[in-house]
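Q: The structure is given below, and queries will be raised subsequently.
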4 protein chains.
Amino acid sequence: MDKAALIINLDKKEAFTVAERAIEWFKNKDKKFLIEKRAAFQLDQKQRAADYQKIKREADYIIIIGGDGTFLHSSHHFIGSEIPLLGINVGHLGFLTDVETEELTKALEMIDNNNYNIEKRMMLQTEHYRSEKKINSSYALNDYVINRDPDSQMLKIELYINNELVNNFRGDGLIIASPTGSTAYSLSAGGPIINPRQIKAILITPICPHNLHLRPMVISPEERIRIRVDSDGRSVKGCADGRQKNEIIPGDEIYISGADQELSIIKLPDRTFYTTVKEKMHLA
Amino acid sequence: MDKAALIINLDKKEAFTVAERAIEWFKNKDKKFLIEKRAAFQLDQKQRAADYQKIKREADYIIIIGGDGTFLHSSHHFIGSEIPLLGINVGHLGFLTDVETEELTKALEMIDNNNYNIEKRMMLQTEHYRSEKKINSSYALNDYVINRDPDSQMLKIELYINNELVNNFRGDGLIIASPTGSTAYSLSAGGPIINPRQIKAILITPICPHNLHLRPMVISPEERIRIRVDSDGRSVKGCADGRQKNEIIPGDEIYISGADQELSIIKLPDRTFYTTVKEKMHLA
Amino acid sequence: MDKAALIINLDKKEAFTVAERAIEWFKNKDKKFLIEKRAAFQLDQKQRAADYQKIKREADYIIIIGGDGTFLHSSHHFIGSEIPLLGINVGHLGFLTDVETEELTKALEMIDNNNYNIEKRMMLQTEHYRSEKKINSSYALNDYVINRDPDSQMLKIELYINNELVNNFRGDGLIIASPTGSTAYSLSAGGPIINPRQIKAILITPICPHNLHLRPMVISPEERIRIRVDSDGRSVKGCADGRQKNEIIPGDEIYISGADQELSIIKLPDRTFYTTVKEKMHLA
Amino acid sequence: MDKAALIINLDKKEAFTVAERAIEWFKNKDKKFLIEKRAAFQLDQKQRAADYQKIKREADYIIIIGGDGTFLHSSHHFIGSEIPLLGINVGHLGFLTDVETEELTKALEMIDNNNYNIEKRMMLQTEHYRSEKKINSSYALNDYVINRDPDSQMLKIELYINNELVNNFRGDGLIIASPTGSTAYSLSAGGPIINPRQIKAILITPICPHNLHLRPMVISPEERIRIRVDSDGRSVKGCADGRQKNEIIPGDEIYISGADQELSIIKLPDRTFYTTVKEKMHLA
């Protein structure tokens, strides 16, 4: 992989410094590289500026400097390409951004020496139907979340798998997560941790269910989830990866299954998924 | 107790029939009674019509025909009085409305024969301060809930007890419940069941906390809770008993402790709290 | 599949009647069949009597009449063969024995008409080392459980995955379950439900962990778990599928991963995994 | 309070040093004091040696140097007396032993200056009946635990409150805890934290219940719990505060309610219950 592109969350001060170190490294190595244009201007590197289209066309790999939110958001621009992404965390260690800033140079060297792994992460594909017409569709690297508005009462949720009504419950909502998303919101709602490097699966985690015996379920990406939601007349929203929220009205149907696309992530061989779990959760 | 007042949720069809049976019983017994005015008009009993003020002034006891929501809502009109409330459930068995409709006549007879218990239920008192000025205060029979708007990210919540910072966590929100409220929303969020007939306590239940080791806490009504919330600029709302929602902005402080008022509830001697728990939760 | 063998838990009275109906069906159809010998003698069918060796050699498929415990226990005799097993439940509906007794004839007809599915269920393989010598090894269809003796204090458990220390915790024990075992003991200990028909995975569920932030983990069958246990001098026991218990002493190492063998289970096309989940858990 | 007695867990090396510093302080202050006799001999202080009887007769207060286990065990000797206990933790901070060793001198000074609080901690009282004859009774400061033997299958547990069958479930066992015990084993089994300084209550926490909708319950010390246990013929054991285990056989009845005795604990005014919770659970 030769030509890198930098995407940087410049809301975080530290990201600025890290980005400058990356730029210096690329220059010293005489490498071609691009910088996402808003960041390029702020970093006074106009000649490197590129929009997402250009990055997608030209970059061999992408370095995202920020937190998991930045990574998640940026990743949506590259679905369908096979360009791999490397996350450098600024602030707290993340699951997607698990390279520490002090490891930046080491990481760049390792990539330069072909000493890295590319992980193919499973994504979810969601389709929103109203009156049998598809009104929206999206991919999700982490999760698709249906959540109650605090002004409304408990939702009534019907969960179908492969066209069979599996559950009919009241609660605050429902999280449909990929293994990558198992360590995000689903974890707070009581879901298990799924190794995203090895397992292809869909995790269904109810949010504050009124039926106390509900449990998170792990099913196959080949299976097809269908969800119907009813509330007391208030709006309900569904959202993939915390991005655009879509209103769900009674009668709408949300279909979710494993996506035909995967996301490529660059992982350095010296950090396993478990190392990050341990550090994030203060385990061993 | 001589003079009853009827409060009826006429959105539920069955409530109509039940109310008519109650009216017939009162008439046969030649008892004086009042009917909350909107219901009185719908039931063609204008001469019995009374607003909440009049009911509060004149009634010896109040019969609420509806669900737990109706009971909860109506009860707020009688805080500060000692008029006891009896809940007749229409639809599902409730914790507050635990007299079945078929037991209506039996219940009225039992009250007439002084064969009933009056339970004093602890309430919560909440005060909302902004810039050291109290901008709102309310009572809660069930709970005071702070909940994230689905459009906002995780809240940052600071929980103080007796002026000591006890917890500082990120999550979807926080429920401060009375024992009566322990079987309501708090239960869905993972809280324990507290016998409200016997225990005076405050239950603190986090909603989908990001810190996985958080646990519900049971503290004394004499203790004073203080809460500060920060979000990513979006509005956060606090709400007592699912009624009026108040916006909480960064810097605001919510104080909660046991109230100086209790609510009087009429309970028939043949149904314990545990009987209702069992039936609601399909236990024994 | 032509030649059946019957394995029957005759501790359960109903099993007797069900077995007789099966025998009658086989005789009417003029089918050859075997009966596990203890049951054969009790059912007065000595000429059909066969020990597990003979059954394994001669039967094309096996019908197990009993509960999940009977199925689990019997299945261990057929590991390494590809003979498929059908479970007829006597008593409560089971996850392994999910054909109701009244469906017996229908099930036999369906098999006779080649109208059935064969599911390959993943198993676990466990190896117990002491002083670098293997002292025991076993397969598990459901789970391998390490549990504290009630006379001992909390265990200290070290969990390694792929030779990396992932967790070091105190608690009552640990369950390593297959997807099939996810609906058994692991579920009581807080684990998720995993669709065993579709997912190959290993589920790690701690039992009453002292560290409150521990969560069940779902990892790949390709990964290798290593466990070390320390207690306060008392014995600790490890057990595959609730069968033979083996004492684990400090310094011992237990290795667990996906087995090279699978178990073949006959499933009728009209009952999905979710149908059984719903019925067992009173969901929809 | 003038005359102290020292109880020391000399299995822990650090306890030796701490004890010597306490002895030195008493000598410098010219205070009379006793030392539990086994420790007295090891510390070469034979002239101070006293057995538990003598300590109970003569001491004004007792200093326990060890962990929560030492405190719990020792406390049983002083039930029925009102002699207050102070716990100095050696090793990890404990809930009962919440004075750090480096605070020892400060603590002794504070007691000397009457600058301390005495907390009355609620205890549980248990009675074990067989064929209507009481065969055992005990007090518990933390909890009474019924736990499955790992060799037996799930227990069948009947839980009665005030003579009403409240629950009938299968599982690994049941914990009946005081508020003091809410931070011990019950917490690992999923129970809430109850402020033991303020709340009188009994906490019922099931251990790995097969019925997934079971929740911990908080009831009044005035209420009376009755438990019956059935297993598959194997022995079941009940145990108060992790001390003597008593076999429970089918038909036995265990009665538990709040005790008529309380335990007096010395608490220094500068450490609240919440401070300890925070430190133990890494909260704020």
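Q: Only one of these is surrounded by 17 or more Cβ atoms within 10 Å (Cβ to Cβ), within 13 Å of chain C (Cβ to nearest Cβ) and touching a residue at least 12 places away in the same chain (Cβ under 8 Å): A:Lys200, A:Lys267, A:Lys278, A:Lys237. Name it.
A: A:Lys200
Q: Which of the residues spanning region B:146-170 are over 12 Å from B:Asn211 (Cβ atoms), of a type outside the set (D, E, K, R) and either within 8 Å of another protein chain (Cβ to nearest Cβ) or touching a helix residue (DSSP H, G or I) at 6+ places or on another chain (Cβ under 6 Å) (or both)?
A: Result: B:Asn147, B:Pro150, B:Gln153, B:Ile161, B:Asn162, B:Leu165, B:Val166.
Q: I'd like the residue in region C:11-28 that is over 26 Å from C:Gln53 (Cβ atoms) and either at pLDDT 95 or above or not polar (S, T, N, Q) (or both) and, out of all such residues, is surrounded by the fewest Cβ atoms within 10 Å (Cβ to Cβ).
A: Per the stated criteria, the residue is C:Asn28.
Q: Given the conditions (1) away from chain A (no Cβ under 14 Å); (2) modelled with pLDDT of 95 or more; (3) over 30 Å from B:Phe16 (Cα atoms), and given that B:Gly173 satisfies all but one, which numbered condition is not satisfied?
A: Exception for B:Gly173: condition (1).
Q: Now a separate question. Count, please, the residues in region D:203-234 that happen to be at the interface with another protein chain (Cβ under 10 Å from one of its Cβ atoms) and either small (Gly, Ala, Ser) or under 20 Å from C:Pro206 (Cα atoms) (or both).
A: Going through region D:203-234 one residue at a time, the tally reaches 13.
Q: So which residues in region A:157-193 are within 25 Å of the chain's Cα centre (by Cα) and among the hydrophobic types (A, V, I, L, M, F, W, C), if there are any at all?
A: Within region A:157-193, A:Ile157, A:Leu159, A:Ile161, A:Leu174, A:Ile175, A:Ile176, A:Ala177, A:Ala184, A:Leu187, A:Ala189, A:Ile193 qualify.
Q: Among the strands (runs of 3 or more DSSP E) confined wholly to region A:125-177, which include 2 or more residues that are more than 30 Å from B:Cys239 (Cβ to Cβ) and out of contact with any Leu (no Cβ under 9 Å at 6 or more places or on another chain)?
A: A:133-140, A:155-161
Q: So, of the residues in region C:176-187 that are within 11 Å of chain A (Cβ to nearest Cβ) and out of contact with any Lys or Arg (no Cβ under 8 Å at 6 or more places or on another chain), which turns out to be nearest to A:Ile199 (Cα to Cα)?
A: Of everything passing the filter in region C:176-187, C:Ser182 is nearest to A:Ile199 (Cα to Cα).
Q: Would you check if there is a residue in region B:50-57 being at pLDDT below 95 and among the acidic types (Asp, Glu)?
A: No, there is no match, as no residue in region B:50-57 is at pLDDT below 95 and among the acidic types (Asp, Glu).
Q: Right, something else. Only residues that are crowded, with 24+ Cβ neighbours inside 10 Å and among the hydroxyl-bearing types (Ser, Thr, Tyr): list them for region A:155-184, please.
A: The answer is A:Ser178, A:Thr180, A:Ser182, A:Thr183.
Q: Another question, if that's okay. Mind listing whichever residues of region D:49-64 are over 20 Å from the mean Cα position of the chain (by Cα) and in contact (Cβ under 8 Å) with a residue 40 or more places away in the chain?
A: Hits for region D:49-64 are D:Ala50, D:Glu58, D:Ala59, D:Asp60.
The values are calculated or read from the model by the stated rules, or taken from the named source; none is laboratory data. It should be emphasised that the depicted structure is a prediction, and the values quoted were computed from it without experimental measurement. Reconstructed Cβ throughout: ideal geometry from the backbone, glycine too, with neighbour counts over all protein chains shown.
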